[in-house]
Amino acid sequence: MRVGVVSLRFDSLLARLQRFATAGERPVRPEVGEQLATALLLAEMARVDQKAKRKAAGAERAVIEKLLAEHFDLDAAEVRALAERAFAHDEHAVSLYDYVQSLNRRLDYAGRCRVIEMLWQVAWADGHLDGEEEYRLRKIAGLLYVADDDFIRAKLRVVDPDAPGAVPAAGGQ
């Protein structure tokens with residue numbers, strides 16, 4: 001009986017893949033809203049940090065919840081629910097593409113720069129940056145079409161707010 005269920009699921013999956021391959025169409029995925037897309041990217045940054053340092057992401061989690069509350073004006077229950085959804089979803093995510101594209105459609109340049117700054121805050125939550133964090137952040141910034149100078153300004157505002165280059169983002173590109 002168990003083999004029959006697995007066989008049916010495999011046949012169903014195979015049929016969908018064949019339809020997709022022959023139709024040349026991309027499967028329709030539900031649209032991810034701005035709040036969830038932002039939360040998912042923040043959770044991804046915490047996951048990268050946790051993986052790089054092999055430790056719990058407690059500091060990152062606290063920063064994420066604070067950022068979500070402030071940025072989206074959410075109460076504690078809403079923040080917890082959004083963060084839980086993001087962390088649960090992030091564990092199964094294969095690609096950041098859908099989240100990034102959702103933000104590209106919804107946010108202007110200044111909004112995308114703000115997301116990058118939020119990601120820097122998560123990466124810096126433990127007071128240390130490593131190469132994997134910076135690599136992932138640079139990749140996301142490129143996908144969000146954030147210019148290198150604004151990427152660096154956002155980093156400086158978080159890591160060294162008194163640095164000469166840590167001026168507010170131009171937001172007008």
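The values are calculated or read from the model by the stated rules, or taken from the named source; none is laboratory data. All values reported here derive from a predicted model rather than from experimental measurement. Positions of Cβ are generated from backbone atoms using ideal geometry, with glycine treated the same way; all protein chains shown enter the neighbour counts. Note: accessible area is taken over every heavy atom of the protein model, side chains too, but ligands, DNA and RNA are not part of it. Shrake-Rupley method; radii C 1.70, N 1.55, O 1.52, S 1.80 Å.
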Where in region 55-173 are the helices (runs of 4 or more DSSP H), entirely inside, with at least 2 residues that are among the hydroxyl-bearing types (Ser, Thr, Tyr), at pLDDT below 85 and open to solvent by less than 40 Å² (accessible area, probe 1.4 Å)? none
Close pairs (8 angstrom Cβ cut-off, 6 or more residues apart or separate chains): free of Cβ contacts under 8 Å to residues at least 60 places away in the same chain in region 63-77, open to solvent by 60 Å² or more (accessible area, probe 1.4 Å) and not in a helix (DSSP H, G or I) anywhere: ALA69/ASP75
Tally the residues that are modelled with pLDDT under 85 and open to solvent by 50 Å² or more (accessible area, probe 1.4 Å), restricting the search to region 37-51. 2
Does any residue in region 82-97 that is under 10 Å from GLU44 (Cα atoms) come within less than 9 Å, Cβ to Cβ, of a residue that is among the hydroxyl-bearing types (Ser, Thr, Tyr) and at pLDDT below 85 six or more places away or on a different chain, and which pairs are these? none
